[in-house]
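To start, the structure itself, in structure tokens.
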Amino acid sequence: MEKQIVGWREVVALPELGIIGIPAKIDTGARTSSLHAVNIDLFNRDGEEMARFDLDFGRGQAYRHCEAVRVAHRTITSSNGTAEERLIVKTVLSMGGHDFRAEFSLADRSDMVFPMLIGRTALKSRFLVNPGRSYLISNRDDAKEEFL
């Protein structure tokens, strides 16, 4: 299978969570992908541990209440060297015509430019990254953060 080339930023979707048009930074320096989430809570459903959280991308837009299967708690070291315990969930990521399950750490990314970061584990065996280009598999104008 030939790998698709992506730019350092792309527009992606999380169809299981009902959201399209998410601007994402492609970051090969990060192992785990990250998603901006607030109001994070854990609960059990039929013996399975789940996470409940809100996606709120600001600018006066509505937020989306989401639920996903909890995968783990992991210590994640941010780009500034700070280590913190984060909840990891798994959901479908739609990127460049490919739909696949990916793990995301839930974090407050409100002070970041991009609400989502795609790490190398999600990219591995699927994509190559051209760090000098943007929007190679998506259209910048599709970055709307729309809830379905």
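With all protein chains kept in place, the per residue accessible area of the chain amounts to 55 square angstrom at a probe of 1.4 angstrom.
Within straight-line reach of Lys90, meaning a Cα separation under 17 Å, sit the following lysines at least 8 residues removed in sequence or on another chain: Lys124. Placing +1 on each Lys and Arg Cβ and -1 on each Asp and Glu Cβ, with no other charges, gives the chain a dipole about its Cα centre of roughly 560 debye. Modelled this way, with points 7 Å down the Cα-to-C-beta line, the labels at Glu16 and Glu2 are 3.0 nm from one another.
When the chain is fully extended, how far beyond the present Cα-Cα distance does Ile137 get from Thr82, taking 0.36 nm per residue of separation?
Values: separation 55, 0.36 × 55 = 19.80 nm, distance 3.22 nm.
So the chain would gain 16.6 nm between Ile137 and Thr82.
Residues whose amide H comes within less than 5 Å of that of Arg31, counting only those at least five positions distant or on another chain, are Arg120 (H built at 1.01 Å from N in the peptide plane).
Just so you know, the Cα atoms of the range 61-148 work out to an Rg and Dmax of 14.3, 36 Å. Each peptide in 108-118, 16-26 receives the mean, over its residues, of other Cβ atoms within 10 Å, and ordering these scores from highest gives 16-26, 108-118.
Which whole-number percent gives the relative contact order of the chain, counting Cα pairs below 8 Å spaced six or more residues apart? The partial results should precede the final answer.
Details: 344 pairs, mean separation 60.0, N = 148.
So the answer I get is 41 percent.
Over the C-alpha trace of the chain, radius of gyration and Dmax come out as 14.7, 47 angstrom. Run the accessible area of the chain with a 1.4 Å probe and give the carbon-and-sulfur part as a rounded percent. Accessible surface attributable to carbon and sulfur in the chain totals 45 percent.
The values are calculated or read from the model by the stated rules, or taken from the named source; none is laboratory data. These numbers come from a predicted model, not from an experiment. Cβ atoms come from the backbone with ideal geometry, glycine included; neighbour counts cover every protein chain shown. Remember, those area values only see protein heavy atoms, side chains included, never the ligands or the DNA or RNA. Shrake-Rupley method; radii C 1.70, N 1.55, O 1.52, S 1.80 Å.
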